[in-house]
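This report concerns only the one structure given below.
The values are calculated or read from the model by the stated rules, or taken from the named source; none is laboratory data. Fair warning: this is a prediction, and the values are worked out from it, not measured in the lab. As a convention, Cβ positions derive from the backbone with ideal geometry for all residues, glycine included, and neighbour counts pool all protein chains shown. Areas reflect the complete protein model, heavy atoms only, side chains present, ligands, DNA and RNA absent. Shrake-Rupley method; radii C 1.70, N 1.55, O 1.52, S 1.80 Å.
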Amino acid sequence: MTSDAATQRLFVYGTLMMPAVLQAVSGVSFALRPATLAGYARYQLRARVYPAIVPAEDATTDGLLCEGIDGPLWQRLDRWESTLYTRHTVTVRDETGALLSAQTYVLALAHYHLLSSEPWSALEFERLHLESYLARWSSSRP
């Protein structure tokens, strides 16, 4: 990876928005800041507690931006996201209105059959699933 700023920024929109999940996956505590991603919609995946984003012309997805991702951490995140997702370079708008390049994980085309039409709720995930999700993660780290 180059030292280009886009390769050091990660836009998160699902379970990684939860600081405890991001820290469990990355081993790092990041300062997160609000950002939005235009042109993508977030949906619940069938029979899963986490979401995916897919291109959608008129959609906007709220999420968080973290910075300082290096090569080894990208490898760890790629393993975590698995072949279910592919990493894309996108343009996000931060809380100041600035447009920034970042990386994010988009549902791989081969897995579109897993999409539901239901929106994903971070609050619902946190309330109903976060504790068990973290427990599963801690028992099966890559």
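Things worth noting here:
- Counting only helices (runs of 4 or more DSSP H) wholly contained in the range 66-142, the ones carrying 1 or more residues that are of a type in the set (Ser, Thr, Tyr) and modelled with pLDDT under 95 occupy 130-139.
- Residue match in the range 14-34 (condition: within 20 Å of Leu84 (Cβ to Cβ), open to solvent by 20 Å² or more (accessible area, probe 1.4 Å) and not basic (Lys, Arg)): yes
- Some residue of the range 80-89 being on the phi < 0 side of the Ramachandran plot, surrounded by fewer than 16 Cβ atoms within 10 Å (Cβ to Cβ) and acidic (Asp, Glu): no
Per-residue answers, yes or no, for (1) open to solvent by less than 90 Å² (accessible area, probe 1.4 Å); (2) within 20 Å of Ala20 (Cβ to Cβ):
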position	(1), (2)
Glu67	yes, yes
Arg93	no, no
Ala102	yes, no
Leu107	yes, no
Ala110	yes, no
